[in-house]
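So the structure is just underneath, and the comments pick up after that.
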Amino acid sequence: MLLQGAQMLQTLEKSLRKSLPESLKVYGTVFHMNQGNPFKLKALVDKWPDFTTVVTRPQEEEMIDDFDHYTNTYQIYSKDLKNCQEFLGSPEVINWKQHLQIQSSQPSLNEVIQNLAATKSFQVKQTQCFLYFLANTIKKLVPSLLDVKKLAPGGGKPKPINQEMFKLSSLDVTHATFVNKFWHFGGNERSQRFIERCIQTFPTFCLLGPEGTLVSWSLMDQTGELRMAGTLPEYQGQGLVSHVVYSQVQALEKLSFPLYSHTDKSHKVMQKMCYRLHFIRMPCDWNQWHCTPL
């Protein structure tokens, strides 16, 4: 069932809020759908109002490139994994003939996707990362998850930087080349198009160096997640990306956005940054499944 109209989507957002953090990827997406739906996404449920599985995905007319798994991305949350498999198996829900990505804050979804891979004939590669939620957002949405003893001293602020040398700014679409080059999941034409679209659609933050050139950046994607943050190698080690992310958080908090991100399990530097900026690691992981038809 396709959820249409503001009232249905607002009801869905409230319902997903009760299942945080496991519903976070879908909750963040639906939140943005309720803020004007700039990525033209739609929400599907198995039944209404007592849904057990919800899928957010682009409209069919957006998914015209069968090889563009950045656009062909689905966010999934389910309360019933047995029924979930049947629901996801429907061609009206997911086009398994395309290269696609599935994102979820539910590691348990892996079994469902592996079962579907066997029946639908596709290869699947799972990526698991640490999931972080900003303390202030937790305090507002799920206060039971907030353990103030785990917060870093220093009020969640980064170390100061040389603000004479580095100027805070927003990304220009021409900066997508740099972001794409250093993004762990990027480095190709389709990822560059996706990055360009994120830059054109959502608030972005960066630091420009003395020559006015890009040195550090952070973006937001269609799920409301803070992503693709990076710094040019020659400027690393100065705390620049911390300053960018902190500025991003300050601005987006004023808009009441739920603020969350992920880091690679081996990326100790970004994990330290998350700790310093009062992002709290969640008990569930950030998951992405890259599915390729055989």
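Working carefully through the options Arg197, Arg193, find the one that is within 26 Å of Gln288 (Cα to Cα), surrounded by 17 or more Cβ atoms within 10 Å (Cβ to Cβ) and assigned by the TED database to the domain that holds Thr213. Matching residue, one of Arg197, Arg193: Arg197. Remark: pairs (first residue in the range 35-63, touching a residue at least 60 places away in the same chain (Cβ under 8 Å); second residue in a strand (DSSP E or B) and among the charged types (D, E, K, R); Cβ separation under 7 Å; 6+ apart in sequence or on different chains) = Leu41/Arg57. The sole residue among His69, His32 that is in contact (Cβ under 8 Å) with a residue 60 or more places away in the chain, over 20 Å from Leu255 (Cα atoms) and surrounded by 20 or more Cβ atoms within 10 Å (Cβ to Cβ) is His69. Please tell me if Asn188 is free of Cβ contacts under 8 Å to residues at least 24 places away in the same chain, within 23 Å of Thr73 (Cα to Cα) and open to solvent by less than 30 Å² (accessible area, probe 1.4 Å). No; evaluated as a whole, the condition is false for this residue.
Among what's in the range 1-28 and is of a type in the set (Ser, Thr, Tyr) and outside any helix (DSSP H, G or I), pick the residue that is nearest to the chain's Cα centre (by Cα). So, considering only residues that are of a type in the set (Ser, Thr, Tyr) and outside any helix (DSSP H, G or I), the one nearest to the chain's Cα centre (by Cα) is Ser23. In the set (1) aliphatic (A, V, I, L, M); (2) crowded, with 16+ Cβ neighbours inside 10 Å; (3) assigned by the TED database to the domain that holds Gly186, Met165 fails one condition alone, (2). In the range 238-251, the qualifying residues are those that are surrounded by 21 or more Cβ atoms within 10 Å (Cβ to Cβ) and hydrophobic (A, V, I, L, M, F, W, C), and the one that is farthest from the chain's Cα centre (by Cα) is Leu240. Against the criterion of being under 30 Å from Asn115 (Cα atoms) and touching a helix residue (DSSP H, G or I) at 6+ places or on another chain (Cβ under 9 Å), Tyr275 does not qualify. Within the set Lys254, Lys265, the sole residue that is touching a residue at least 24 places away in the same chain (Cβ under 8 Å), of a type in the set (D, E, K, R) and surrounded by fewer than 17 Cβ atoms within 10 Å (Cβ to Cβ) turns out to be Lys265.
Would you say Phe67 is under 24 Å from Phe194 (Cα atoms) and aromatic (Phe, Trp, Tyr)? So Phe67 passes the test. Scan the range 96-128 residue by residue and report those that are surrounded by 18 or more Cβ atoms within 10 Å (Cβ to Cβ) and either touching a Lys or Arg at 6+ places or on another chain (Cβ under 6 Å) or without any contact (Cβ under 8 Å) to a residue 24 or more places away in the chain (or both). Residues satisfying the conditions are Trp96, Gln103, Ser104, Ser105.
Just one of the listed residues (Gln222, Gln238) is closer than 21 Å to Gln163 by Cβ, polar (S, T, N, Q), in a loop (DSSP other than H, G, I, E, B) and outside the structural domain of Lys40 (by the TED database), namely Gln238. Within the range 202-216, the set of residues being under 15 Å from Gln250 (Cβ atoms) and of a type in the set (Phe, Trp, Tyr) comprises just one member, Phe205. Residue check: Ile94 meets all listed conditions (1) part of a loop (DSSP other than H, G, I, E, B); (2) under 15 Å from Gly224 (Cα atoms) but one, namely (2). Is the range 171-181 home to any residue that is over 20 Å from the mean Cα position of the chain (by Cα), loosely packed, with under 12 Cβ neighbours inside 10 Å and farther than 27 Å from Gln288 by Cα? Scanning the range 171-181, I find at least one residue that is over 20 Å from the mean Cα position of the chain (by Cα), loosely packed, with under 12 Cβ neighbours inside 10 Å and farther than 27 Å from Gln288 by Cα, so the answer is yes. Somewhere in the range 32-52, is a residue assigned to a helix (DSSP H, G or I) and assigned by the TED database to the domain that holds Leu109? Checked the range 32-52: at least one residue is assigned to a helix (DSSP H, G or I) and assigned by the TED database to the domain that holds Leu109. Can you confirm whether Lys40 is open to solvent by 50 Å² or more (accessible area, probe 1.4 Å) and in contact with a strand residue (DSSP E or B) (Cβ under 9 Å, 6 or more places away or on another chain)? Yes, satisfied.
For the range 217-230, indicate whether the set of residues that are open to solvent by 60 Å² or more (accessible area, probe 1.4 Å) and in contact with a helix residue (DSSP H, G or I) (Cβ under 8 Å, 6 or more places away or on another chain) is non-empty. Checking the range 217-230: not a single residue is open to solvent by 60 Å² or more (accessible area, probe 1.4 Å) and in contact with a helix residue (DSSP H, G or I) (Cβ under 8 Å, 6 or more places away or on another chain).
The values are calculated or read from the model by the stated rules, or taken from the named source; none is laboratory data. What you see is a predicted model, and the numbers here were worked out from it, not measured in a lab. Glycine gets a Cβ as well: all are built from the backbone with ideal geometry, and neighbour counts include every protein chain shown. Heavy atoms of the whole protein, side chains included, go into the accessibility calculation; ligands, DNA and RNA do not. Shrake-Rupley method; radii C 1.70, N 1.55, O 1.52, S 1.80 Å.
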